[in-house]
Every structure is written in C-alpha cells, then in structure tokens.
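The values are calculated or read from the model by the stated rules, or taken from the named source; none is laboratory data. Remember, predicted model here, so these are calculated numbers, not experimental data. Using ideal geometry, Cβ is built from the backbone for each residue, glycine included, and neighbour counts are taken over all protein chains shown. Remember, those area values only see protein heavy atoms, side chains included, never the ligands or the DNA or RNA. Shrake-Rupley method; radii C 1.70, N 1.55, O 1.52, S 1.80 Å.
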Amino acid sequence: MCIVDAPTRYLFFTGKGGVGKTSLSCAVAVSLADRGKRTLLISTDPASNLDQVLNTRLSRQPQPVPGVENLEALNIDPEAAAQAYRDRVMTPYKKMLPQDALEAMEEQMSGACTVEVAAFDEFTLFLADDEATAAYDHVIFDTAPTGHTLRLLELPASWSDFLATNTSGTSCLGPTSGLQSSRDRYEKAVATLRDGEITTLMMVSRPEPSSLQEAARSAHELSALGIVNQHLLINGLFTASVREDAVAVALEERGTQALAGMPEALRSLPSTRIPMQGRNLVGLEALRALCATEESDFDHASAHLDGDESAGVTSVASLPLESMIEELMAQGHGLVMFMGKGGVGKTTMAQAVAVALAQRGADVHLSTTDPAAHLEERLGATLPTLQISRIDPHGETESYVNRVLDTAGSGLDQDGRALLEEDLRSPCTEEVAVFHAFSRLVDEAKQRFVVLDTAPTGHTLLLLDATGAYHREVMKSDRDAKQEGSETPLMLLRNGSHTRVVIVTLAETTPVQEAAQLQEDLRRAEIEPFAWVINASLAASGSGDPTLRRRADSERQQMQTIR
C-alpha cells in the first residue's frame, strides 16, 4: 500500500490528537527515502515523539536516521529556539545600553510569546529558506494537534501583516528588528503554503465522528488561509474477522457509520484508507510494513493472548473511575484538569467526570483550553447544575483588547492610543488573552468544581509556561501581593487541595511515554498529578478478534510501566 503516490515537495500531516500523524508521517518519510528520495522529516510539536517512533535520538539539527539511507530528521525545540532568538535580538544592544535596560529587555522576552514565535521562526526557515532545504527532495512536517497547528499556519500571515503596519519599532517580543530581518521569509512561507504545486496538507483522521468533524473544520479554516491542496487519510479502519465477536463487530460498525456520516467538506477531497494495524507503529520494521506494496507478515509476528493470559492483563488497574468521583465530591469544590497526549480521551473523561459530579448535585463548570474542542457538540443534553464553556482564543483576544483600551488607553492622547492599538495587534496578544481566561477558571474553582479539558500536552505546557512567567513577575515586583498572601494561578495549581491533575493515556508506547514526560514536567513545576486514567483498553474488552487480541497483548508491557 502506498499512502502517497505522487507527493509534492512539502507535506504537512495534521489532524486531531491521537489520529496517527506521527506514525503516518514517519512511514511516508521512510518510504520516500527507501525509494531514493532525499527526505527531511521535521516535528513542529512541542511534545514531539519522533524519537520514539524512529527509535533514535534527535535534536534541533537535521541528523541521519540509522537504518534509512536518504532520511534525516529533527525536532523543533521551542525553548532552545527562544534562547537563540533572545541572543540574536540582544547582541546588537549589549554595547549600547546600560545593564538595567538590557535586563528589562531580557525580561520582556522571557514569556510564552517568545517561545511560540521562536518556534514559528524556525518553522518558516524550512518553508522559505532555499539554502536550508536545498539538499532534500521532500520536506515532511509532523505537526502538533489541530488547534496548535492552525495557530502555527496562521502566524506567517499574522506577523507579516503586523510588521507591515508597525511604526513604533517595538513589540511584545522586544525590538521588531529581531523580526524585520525575517519579514521576507515570512512572506515567502505564506506563498509556499498556498502553492498547491509544491505543498499538500495531509488531513489525518480516524473513522470516528469527532475526528472527522475536526478534520472538516480544519479543511475549512485552511482553505480560508488559502491552503487548498488537501488530501484526506482515514487511519485505523477496522474490519472484524470474527463475526461472532460483539466487540469487534461493534467497532467495525462504528467506523462504517462514521464514514457514512462524513461531513460534506471531506467528501470532495482525494483520500486514502489505512487498515488498523495489529500493534503500535514504532520502529522501522513497523513503518516499512505499513507502506509495503505487498501483503506483509508483520501483523502476524506479535504474540497472541491465550486462555487465562488475557484475564490478568487488567490487574494493574487499582481503582475504578467511580472512586475518583467520590474522592472529588468529598472536597466539595476545586479544579480538576485532564491532561495528556492528543487523542487519548481527555475530553471524554472530563465530560464523564463533570456529568457524574453534576448528577450528585455539585455545581460544576466544564470548560476547555483546547482551541479545537467542541464540548457542547459531544455532550448533548446537560444538567441544571452543569455549565459548559470554552476558551475561544479569538473571542478572548477581542475582549482583552477592548478591556485594555478601556483602561490603559483611556487616559492616552491620540498618538499614545495609536501606539497601544498597534502593540495589541501583535499575534502574541492572543497568548496573553488565553492566559487571562485560564487564570479566571483557576480562581473560580475556589467556589465550585471547574472541570478543565486541556489542549494536547505541548500546547498545555506552553500555557503553564505563561503561568510560571506571570508568577515570577508577580513575586519579583508586587510586594503588596506577597504581603497580603495573594495567590497566583501557579500557587493554586501547586495546591493539591485546590487542583487535581488527572493524566489520561492509552496503553500504547507513545502515549505512555508522553504521559510519563508530562508527569516529570509537572513535578518540575511543583505540580503533583492526582491520578492516571488508562482509557479504551482492548485488554479489558475481552475481544477474541485476532487483530484486537494482538493489540491487547501489546498493552501488557505498557500497563506494567504505568504501575
């Protein structure tokens, strides 16, 4: 099977978290390289797992992938990119300005906005700098889940417009000289994205309603950006081989019904359907088997579950979900945050817990920080004590801008107000607005339950970075706040009686590794996770279908790792 028959030079794999973007982008990259095409594979995801899928250690610089001639890969590292950006901007001023002014500039560029724009700056390098990609026939981007990727693809045009109209020479990222040098590159990046002769957006989806709906929304938004050369990949299509197996038949029927109800926006796209594999797509053998043109024995190589072996697989699960609900109810209020890799079921778990709390009479606010989430569509009928909302980046930005103009801008003269309006047009304003909305939800949990469905890991960590930067700034400058005992959002996140962080995962290699890394990142921020939830376990389903049994067998090691 060949996923891409006649690929353009640039391929972007995008879609809802957990649909298989990394596996498919890696499989295509390996396939092209095996055909003699010099290929560069890049991850733009802050929580990249290219290393795990390719079984090799990657860095910010292109490096050969062992075992695949003609293939090189890299991870865009947002933090390292941010430091490189700060160094580049600061260097010309080090001999011109006093130390206190330099420290002020450094502080101005220490936030999440700088991290985002620096990663974006590297991203455009591989789209628009001919020298950076001259050695390659194909450049493949494995992107972050949809909401983060749409933001990334909007940024070239947003920053080009901002730089074209900026008159002050400054921005939330410090002097615009650091950005002006890249202005031509940003404009070229926009042109590359819109050129269907050289760029294709590979819309990856599972045969599931929510995944297909998100793909349709993405297709529409990308078209609005002028990115119209799109190809739909339906990944993980399952066909039951044991008709007497109720789980297998139900899984097949679910996929069939989802495809029958596919949004009209996707029906017109060229598409490829990829069968469900019997084990995780990790390692070169698995990746090559996926794109093999002839029938492969790969799927039959993994061990089978026999007899009583299947009965013990779920023994590592210590508590049912019901026990979590009861423990939360005993608290009476608080923030419950569901975190993890995209596609592991954070939204489903958040909805289930929110409904369970509301059914017990608790006052509950269910919300999400995920730009691509649509809680109302998935939940249907609600309860009288359950409020549902979402942090809408565009709506929050508009409200934030109006609020700043009404307060900080009220006493300014015409020129001062014009400069303020110009600064607020910076794309970084959105990040600040979203942080303020998140902070309000954190504080609201002092009086009621706030159940928060978060964006996939990388995007959420950037939001926590902003929370940390705000905390440091308050502690550094606001002595009154420290004396009065005021609590910053980070303090509330660290307070185990106020915040319960639930890490959601599937019993698969990549989600478990990412969840483990997330736990380490949280602990470095002094936030201790409350629980892990293993979702959608085939081992617990009791299915006898050969493909599902092989996948269930592969869950065993991951469950042991989690324990």
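A few comments on the model shown:
Every residue, every condition in (1) open to solvent by less than 10 Å² (accessible area, probe 1.4 Å); (2) part of a loop (DSSP other than H, G, I, E, B); (3) under 20 Å from GLY236 (Cα atoms); (4) not aliphatic (A, V, I, L, M), yes or no:
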position: ALA6; (1), (2), (3), (4): no, yes, no, no
position: LYS16; (1), (2), (3), (4): no, yes, yes, yes
position: LEU24; (1), (2), (3), (4): yes, no, yes, no
position: VAL28; (1), (2), (3), (4): yes, no, yes, no
position: LEU40; (1), (2), (3), (4): yes, no, no, no
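- Flag not set for THR314, criterion: closer than 30 Å to ASP521 by Cα, open to solvent by less than 20 Å² (accessible area, probe 1.4 Å) and at pLDDT below 90.
- Candidate set: the range 323-378, residues that are modelled with pLDDT under 85 and part of a helix (DSSP H, G or I); chosen: the one surrounded by the fewest Cβ atoms within 10 Å (Cβ to Cβ): GLU377
- Long-range neighbours under 8 Å by Cβ, at least six apart or interchain, first residue among the charged types (D, E, K, R) within the range 385-399, second surrounded by 16 or more Cβ atoms within 10 Å (Cβ to Cβ) and not in a loop (DSSP other than H, G, I, E, B): ARG390/SER367; ARG390/THR368; ARG390/LEU375; GLU396/GLU430; GLU396/ALA433; GLU396/VAL434; GLU396/HIS436; GLU396/ALA437
- The range 507-534: number of residues that are among the acidic types (Asp, Glu) and touching a strand residue (DSSP E or B) at 6+ places or on another chain (Cβ under 7 Å): 0
- Some residue of the range 535-555 being in contact with a strand residue (DSSP E or B) (Cβ under 9 Å, 6 or more places away or on another chain), farther than 26 Å from ARG448 by Cβ and open to solvent by less than 20 Å² (accessible area, probe 1.4 Å): yes
- Applying the criterion of being over 26 Å from the mean Cα position of the chain (by Cα) and assigned to a helix (DSSP H, G or I) to the residues of the range 517-551, the residue that is farthest from SER48 (Cα to Cα) is PRO546.
- Looking only at residues in the range 122-146 that are at pLDDT below 80 and surrounded by fewer than 24 Cβ atoms within 10 Å (Cβ to Cβ), the one that is farthest from VAL30 (Cα to Cα) is GLU122.
- Where a residue in the range 216-243 is at positive phi and its partner, wherever it lies, is assigned to a helix (DSSP H, G or I) and at pLDDT 85 or above, with Cβ under 7 Å and at least six apart: GLY226/ARG194
- Within the range 442-470, the residues that satisfy the criterion of being open to solvent by 10 Å² or more (accessible area, probe 1.4 Å), in contact with a Leu (Cβ under 9 Å, 6 or more places away or on another chain) and at pLDDT 80 or above are ASP443, GLU444, LYS446.
- The set of residues from the range 56-77 being open to solvent by 20 Å² or more (accessible area, probe 1.4 Å) and outside any loop (DSSP other than H, G, I, E, B) comprises GLN63, PRO64, GLU72, ASN75.
- Counted as qualifying within the range 176-277 are the strands (runs of 3 or more DSSP E) with 2 or more residues that are open to solvent by 20 Å² or more (accessible area, probe 1.4 Å), namely 230-237, 271-275.
- Scan of the range 43-55 for residues that are within 19 Å of VAL282 (Cβ to Cβ) and buried (at least 21 other Cβ atoms within 10 Å of the Cβ), ordered by number: SER43, ASP45, ALA47, SER48, ASN49, LEU50, VAL53, LEU54
- Residues in the range 384-413 that are in a helix (DSSP H, G or I) and either open to solvent by 70 Å² or more (accessible area, probe 1.4 Å) or under 22 Å from VAL450 (Cβ atoms) (or both): PRO393, HIS394, GLY395, GLU396, THR397, GLU398, SER399, TYR400, ASN402, ARG403, ASP406, THR407.
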